[in-house]
Amino acid sequence: MACPLCHQRKARRHCPALAQTICSVCCGTKRLVEIACPADCVHLAAAREHPAAVVRRQQERDVAALMPTIRTLTERQHQLFFLFHSLIARHQPEGFTG
């Protein structure tokens, strides 16, 4: 049975939001974009626990680029850096959805 969304690949994953079986590519690319996944979706939970390899590689590159700069900071500069980092991480502008 072909995926009802793309009509190209074999449908193998049950989608609780659509109450249909869809292909894994559509599940991964349309999740939370075109498909309103419920919080208890097993595929959504798995994706949150295990980020995609491309995301992990980007995080590793970001850390590798940042570490040489952080190593040269003084203790006071470290404190300021992490203070600003925590403020930025907690900031959520109005109308912004995750």
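The values are calculated or read from the model by the stated rules, or taken from the named source; none is laboratory data. Small disclaimer: the values here were computed from a predicted structure and weren't measured. Side chains are part of the model used for accessible areas, which takes the heavy atoms of the whole protein and leaves out ligands, DNA and RNA. Shrake-Rupley method; radii C 1.70, N 1.55, O 1.52, S 1.80 Å.
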Kyte-Doolittle mean at least -1.0, axial Cα span of 18 Å or more - DSSP H helices of the chain: 53-71, 75-90
Which of [x] 77; [y] 131; [z] 160 gives volume of the Cα convex hull per residue in Å³ as computed here? It is [y]
Carbon plus sulfur, as percent of the 1.4 Å-probe accessible area of the chain, comes to 58
GNM of the chain, Cα pairs under 10 angstrom: of 50, 78, 14, the biggest fluctuation goes to 78
In a Gaussian network model of the chain with springs linking alpha carbons closer than 10 Å, the residue among 75, 34, 60 that fluctuates most is 75
Over the chain, average the accessible area per residue using a 1.4 Å probe and give it in Å², no decimals. 81
